[in-house]
Structures are given as C-alpha cells and as structure tokens.
C-alpha cells in the first residue's frame, strides 16, 4: 500500500555471523533486487560479532554504497534475534524485510513479500518450498510450527523462516518491548491485525554450516515458549493435578492389594514406596527448574540492561542521531 505523502521506503535487514564466503554475493544480489523495486530502499547489515572477514566486507559495502547500505557491528556475538532487533531499530522503511545471510532464502524473493505487504498486511511470512534441509531439520521445524501455532493461537506454516516482511507500526511496537528473550516472528504477530504467507523457493547452503545445531534449536524453542506464553506453567499445573489423581489411585490400589495379598507381596512395600518417591521427586525438580527459568527471566528483565553494544555504524550521513534507550554504543 503506497503512502499518500510519497513512496514507501523498503528496508532489508540482514543479521550476519561468520558469512564471509557468501556475503559479497548476498550484498550484490540484494542491491540488484532493490534496484528493481519502485520504492526507495536500503540494506541494513548487522554483524553479530563475526570472527572472519564479514565486518570488513560490510564496511566496504557501506562505503561504496553510502546511504544505500548501512552497516552495524557488535563488539561480540549476542545472537541472531538481537542482531535483527538492532537492524529493525536502524531501518527507516515503511516496510521492513528480514533475511538470512546464508543465501538459502534467495534475495530475489523479496519483491513477493513487499507486494503482499503493500496490500495492507501487517506481517507477511514465507513458506519454504522444496526445502534443502536435512530430514531432522524438517521434522524439528514442523514440530516447532505446530507448538507455536497452538501456544500463540496464530497459525502460520513456517515460523522458522527468517524471510519475513513487517510494516512500520508493527516494528515500532516490537522496539518498545523491553524483554531480553524474544522470538520476533511471534512477537510481531501479537501486534498484527492482518497476517499472510507467501510461498518462496529455498536453496542449498552454499558454504559453511548452519548456526543452529540441535542444542540451539532446543534453546530457541524454550525461549519461544517461556518468553511468549505461560503455557508451560499451565501445563505444569495440569500435570500436577494428573499426578495427584494417579497418586491417590495408586495409594488406594496398594491398600487393596495389601489387604488381599498381604504385606509380603511387594517386599513389604519398600520397592513401591521408592518408585512413588522417585516419581514425585523428579516431578518436583522439573517444576522447580521451570519456575526458576521464569524467575531468572524476570530478574534479567528487571535489571534493564542493554540488549547489545554497538561498536560501529557505517553508511549514514546522520550517524549520530539519537538511538533507542535499550542500546548502548561504544
């Protein structure tokens, strides 16, 4: 949808972490795509503490395309979603598209999302066709999508794809949220009035390895559940109720069997007692760990420390403009 006062600027935000092998191609292809759009556009590259040549490539691109390519470098690695948040804070477009740097999601698909956002959709997700990931990644992604849809009440087929478009009011709302642990696609959907998905192609990873191994995928899912919903706590209450009912039923069964079989039927009940004891101890530890995780997140949020530290900004003439309060530049 076009702005009455002029064309809507499109911003593309790309978090980068050790992607020197494909970063130059990404920048070239993305700029070529943006040149084909009817609106003014910009490319915002956020280096998330890379240890390779990625910061140098970003700096060179920001110098060669000053005002068109904006570079941000962190002093260390803070994680993909915080890098995206930094890019969203820097972006000035009315439509902001996020994109991974590994070229598995081709930049040539960006116009599809922009056109859909122009129709008035606040959030436009993408569904990867013919995914080039392993069977395990596909299975885990399907599980995450189902759990996310059930816990948030917003059904989307592919929450794991970074290629997404957001309209400016949704981005502004995201940037006002102070929590440290967040899952941006779900957070954006919580502010969106209208959402849509478009089908996009998916390519083989050209070089390097995925930054999301099994442990990071599990941590990502836990971050999603604990930062966006209290469903685990409700589930814990339900499990506790079921355990209590089972405990009462099991106790009644033991009493009946003791009356029928006598005290010697299960080693005077010692084994049964230990089984019940270990079961409840395990349940209590799970409950305490889950509650501790929520309390820990409250502790981190209450301290109100910055999400990230910006080491350097490049590619803007007004580089010293005021920054959001949740960021520190060093």
#### Entry: Linear extension gain, residue 190 paired with residue 175, 0.36 nm per residue minus alpha-carbon span
4.1 nm
### Task
Determine, from the Cβ-Cβ distance of residue 301 and residue 235 and an R0 of 30 Å, the FRET efficiency 1/(1 + (r/R0)^6), rounded to the nearest 0.05.
0.85
### Message
Please compute the length gained on full extension between residue 28 and residue 201, using 0.36 nm multiplied by the number of residues separating them and subtracting their Cα-Cα distance.
### Response
60.4 nm
### Query
Calculated FRET efficiency, residue 108 and residue 311, Cβ-Cβ r, R0 25 Å, to nearest 0.05?
0.20
### Query
Each label point is 7 Å from the Cα along the Cα-to-Cβ direction; what then is the distance between the points at residue 248 and residue 143, in nm?
3.4 nm
### Summary
Length gained if residue 65 through residue 261 is fully extended, taking 0.36 nm per residue and subtracting the Cα-Cα distance, is 62.0 nm
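A short reminder: the numbers here are calculations on the coordinates, not readings from a lab. Worth saying up front: this structure is predicted, and the values here are computed from it rather than measured. As a convention, Cβ positions derive from the backbone with ideal geometry for all residues, glycine included, and neighbour counts pool all protein chains shown.
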